[in-house]
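Peer 1: Could you have a look at this structure, given as structure tokens, before my questions?
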Amino acid sequence: MSVDKSLSANELQDFGGVDGNYTELTRALLKQQKTVWKQLASGYESLETVHVREFQFDGFSMKVQFNPGRIISSSAKVDTKSIKERKCFLCIENLPPDQKGIAYGSEYLILCNPFPIFPEHYTIPNVHHVPQRIDSAFDVMLDLSKDIGKDYTVFYNGPKCGASAPDHLHFQAGNKGFMLIEDQFDGLKSSFGECILDTGELLITAIDDSLRRFIGVESKNKKLIEVVFKKFYDTYAAHNGNAEEPMMNIISYFLPDKGMWRILFIPRGKHRPSHYFLEGDDKILLSPASVDFGGILITPVEKDFNRLTSEHIIEMFNEVSLSKPVFENLMVQFKKALEK
């Protein structure tokens, strides 16, 4: 890792950083970067002008954010040819001169995201140019969720599920509670959940709220969560014919008051809804990823923001989520795997 890209705790003390406390160091990094990196400062100035609409559904709500700064991510070309023809913007040698980060362990760097959705938005790439794959990095996601869990939620977008850099392993993080699904989780679990497993130390719930179909895993035991993930991943991969990484998003956050993790595994049916590919006025540039499944839909085009309806949202999420029959079949197989 290039040393000049990593700021030390001492360098961040003037911005509120506390040695050894990743939450405070991460926040201090954002303060420091706003003072020296014009692109980042502009991104946060743009964030102050976003507009929000809220939609009520049966038992939960979603918000739509008009955020023109996200046009690059929402419209990113992630086909193999386009990826090969551009420089990777997460590789250390390609970062802007003013962009600095915080070393997280020996293989990750916490960076500020210059195209923010959250009031505080970060990207955490691997220092090596390795593909976006979660199977060998899930333990890091859990550690990161705990280390910055006082104030931040961590999420992962699969290579065909919203990651604008599917060729470079990375996570993202943003303010805890910003995604509506976090505060709504207990209600969703109560109203739409089916208990898959409850051992007292581990609770697994399948949830289908008619738009999203996902699995909630709650435990204080990191090793148990890792075992559950491996069984889910292998079951899902086999269900898909053991091709490349099965399509999924993951939202992970730590609850310090309870001393436990809560992980949401979100299997996917499609990368982008059909409205994304329509022409002219029929096109809606909305490409759901973790944040959208978390209840904050990002629209970088104003006309899309203004004309979006609840019917559009229902239709799009039912396209990109696993269908009800497929999800139910996957849960049957997942239960069998958990019993072994």
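The values are calculated or read from the model by the stated rules, or taken from the named source; none is laboratory data. In this text the structure is predicted, and so the values were computed from the model without any measurement. Because the Cβ atoms are built from the backbone with ideal geometry, glycine has one as well, and the counts that use them run over all protein chains shown.
Peer 1: Could you say which residue among Pro131, Pro159, Pro125, Pro166 is in contact with a His (Cβ under 6 Å, 6 or more places away or on another chain) and over 23 Å from Lys324 (Cβ atoms)?
Peer 2: Values: Pro131 fails: in contact with a His (Cβ under 6 Å, 6 or more places away or on another chain); Pro159 fails: in contact with a His (Cβ under 6 Å, 6 or more places away or on another chain); Pro166 fails: in contact with a His (Cβ under 6 Å, 6 or more places away or on another chain).
Answer to the check: Pro125.
A quick yes/no check of all residues on (1) out of contact with any strand residue (DSSP E or B) (no Cβ under 8 Å at 6 or more places or on another chain); (2) of a type in the set (Gly, Ala, Ser); (3) closer than 26 Å to Val127 by Cβ:
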{"site": "Asp4", "(1), (2), (3)": "yes, no, yes"}
{"site": "Val36", "(1), (2), (3)": "yes, no, yes"}
{"site": "Ser46", "(1), (2), (3)": "yes, yes, no"}
{"site": "Phe57", "(1), (2), (3)": "yes, no, no"}
{"site": "Arg70", "(1), (2), (3)": "no, no, yes"}
{"site": "Ile83", "(1), (2), (3)": "yes, no, yes"}
{"site": "Lys100", "(1), (2), (3)": "no, no, yes"}
{"site": "Leu111", "(1), (2), (3)": "no, no, yes"}
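Peer 1: Also, quick follow-up: Could you please find all residues in the range 23-44 being over 23 Å from Gly149 (Cα atoms) and surrounded by fewer than 19 Cβ atoms within 10 Å (Cβ to Cβ)? Let's see the steps before the verdict.
Peer 2: Of all residues in the range 23-44, those over 23 Å from Gly149 (Cα atoms) come to 35-43.
Selection gives Thr35, Val36, Trp37, Lys38, Gln39, Ala41, Ser42.
Peer 1: So which residues in the range 215-247 are hydroxyl-bearing (Ser, Thr, Tyr) and farther than 18 Å from Met331 by Cα, if there are any at all? So that I can check it myself, show each step before the final result.
Peer 2: Just the residues of the range 215-247 that are hydroxyl-bearing (Ser, Thr, Tyr), to begin with: 219, 233, 235-236.
Selection gives Ser219 alone.
Peer 1: Looking only at residues in the range 1-52 that are assigned to a loop (DSSP other than H, G, I, E, B) and among the acidic types (Asp, Glu), which one is farthest from Met179 (Cα to Cα)?
Peer 2: First, pick out the residues of the range 1-52 that are assigned to a loop (DSSP other than H, G, I, E, B): 1-2, 7-8, 16-21, 37, 48-50.
Subset that is among the acidic types (Asp, Glu): 19, 48.
Working: Asp19: 28, Glu48: 17 Å.
The qualifying residue farthest from Met179 (Cα to Cα) is Asp19.
Peer 1: Is it true that Val291 is in contact with a Pro (Cβ under 8 Å, 6 or more places away or on another chain) and either surrounded by 13 or more Cβ atoms within 10 Å (Cβ to Cβ) or under 25 Å from Asp208 (Cβ atoms) (or both)? Give the derivation first.
Peer 2: Numbers: in contact with a Pro (Cβ under 8 Å, 6 or more places away or on another chain): no; either surrounded by 13 or more Cβ atoms within 10 Å (Cβ to Cβ) or under 25 Å from Asp208 (Cβ atoms) (or both): yes.
Against the criterion (in contact with a Pro (Cβ under 8 Å, 6 or more places away or on another chain) and either surrounded by 13 or more Cβ atoms within 10 Å (Cβ to Cβ) or under 25 Å from Asp208 (Cβ atoms) (or both)), Val291 does not qualify.
Peer 1: State which residue is nearest to Phe185 (Cα to Cα) when the search covers only the range 243-264 and only residues that are more than 16 Å from the chain's Cα centre (by Cα) and modelled with pLDDT of 95 or more.
Peer 2: That would be Leu255.
Peer 1: Let me ask something additional. Quick test of your reading of the structure: Phe55 fulfils all but one of (1) of a type in the set (Phe, Trp, Tyr); (2) in a loop (DSSP other than H, G, I, E, B); (3) in contact with a helix residue (DSSP H, G or I) (Cβ under 6 Å, 6 or more places away or on another chain). Name the failing condition by number.
Peer 2: The number of the failed condition is (2).
Peer 1: What number of residues within the range 45-69 are touching a residue at least 40 places away in the same chain (Cβ under 8 Å), small (Gly, Ala, Ser) and surrounded by 13 or more Cβ atoms within 10 Å (Cβ to Cβ)?
Peer 2: The qualifying residues number 2.
Peer 1: Restricting attention to the range 65-84, which residues are at pLDDT 70 or above and assigned to a helix (DSSP H, G or I)?
Peer 2: Pro68, Gly69, Arg70, Thr80, Lys81, Ser82, Ile83, Lys84
Peer 1: When you go through (1) under 21 Å from Thr153 (Cβ atoms); (2) buried (at least 21 other Cβ atoms within 10 Å of the Cβ) one by one for Pro246, which number turns out not to apply?
Peer 2: Just one mismatch for Pro246, condition (1).
Peer 1: Step by step: first the residues of the range 197-220, then only those that are among the aliphatic types (A, V, I, L, M) and touching a Gly at 6+ places or on another chain (Cβ under 9 Å), then the one that is surrounded by the most Cβ atoms within 10 Å (Cβ to Cβ). Which residue is that?
Peer 2: The first filter runs over the range 197-220 and keeps only residues among the aliphatic types (A, V, I, L, M), leaving 197, 202-204, 206-207, 211, 215, 217.
Now narrow it down to the ones that are touching a Gly at 6+ places or on another chain (Cβ under 9 Å): 203-204, 206-207.
Details: Leu203: 18, Ile204: 25, Ala206: 21, Ile207: 21.
So the residue we want is Ile204.
Peer 1: While we're here: Output the residues belonging to the range 182-198 that are outside any strand (DSSP E or B) and either closer than 20 Å to Asn113 by Cβ or among the charged types (D, E, K, R) (or both).
Peer 2: Residues of the range 182-198 that are outside any strand (DSSP E or B), as a first pass: 182-192.
Those that are outside any strand (DSSP E or B) and either closer than 20 Å to Asn113 by Cβ or among the charged types (D, E, K, R) (or both): Glu182, Asp183, Asp186, Lys189.
Peer 1: Within the range 1-21, how many residues turn out to be at pLDDT 70 or above and either within 18 Å of Gln99 (Cβ to Cβ) or hydroxyl-bearing (Ser, Thr, Tyr) (or both)?
Peer 2: Summing the residues that are at pLDDT 70 or above and either within 18 Å of Gln99 (Cβ to Cβ) or hydroxyl-bearing (Ser, Thr, Tyr) (or both) in the range 1-21 gives 9.
Peer 1: Only one of these is in a strand (DSSP E or B), small (Gly, Ala, Ser) and buried (at least 19 other Cβ atoms within 10 Å of the Cβ): Gly174, Gly149. Name it. Let's see the steps before the verdict.
Peer 2: On the way: Gly149 fails: in a strand (DSSP E or B).
When all the criteria are applied, what remains is Gly174.
Peer 1: Which condition does Asn240 not pass, out of (1) modelled with pLDDT of 95 or more; (2) surrounded by fewer than 17 Cβ atoms within 10 Å (Cβ to Cβ); (3) of a type in the set (S, T, N, Q), if it passes all the others?
Peer 2: It is condition (1) that Asn240 fails.
Peer 1: Since Arg272 meets every condition but one in (1) among the charged types (D, E, K, R); (2) surrounded by 14 or more Cβ atoms within 10 Å (Cβ to Cβ); (3) without any contact (Cβ under 8 Å) to a residue 40 or more places away in the chain, which condition does it not meet?
Peer 2: Of everything listed in (1) among the charged types (D, E, K, R); (2) surrounded by 14 or more Cβ atoms within 10 Å (Cβ to Cβ); (3) without any contact (Cβ under 8 Å) to a residue 40 or more places away in the chain, Arg272 misses just condition (3).
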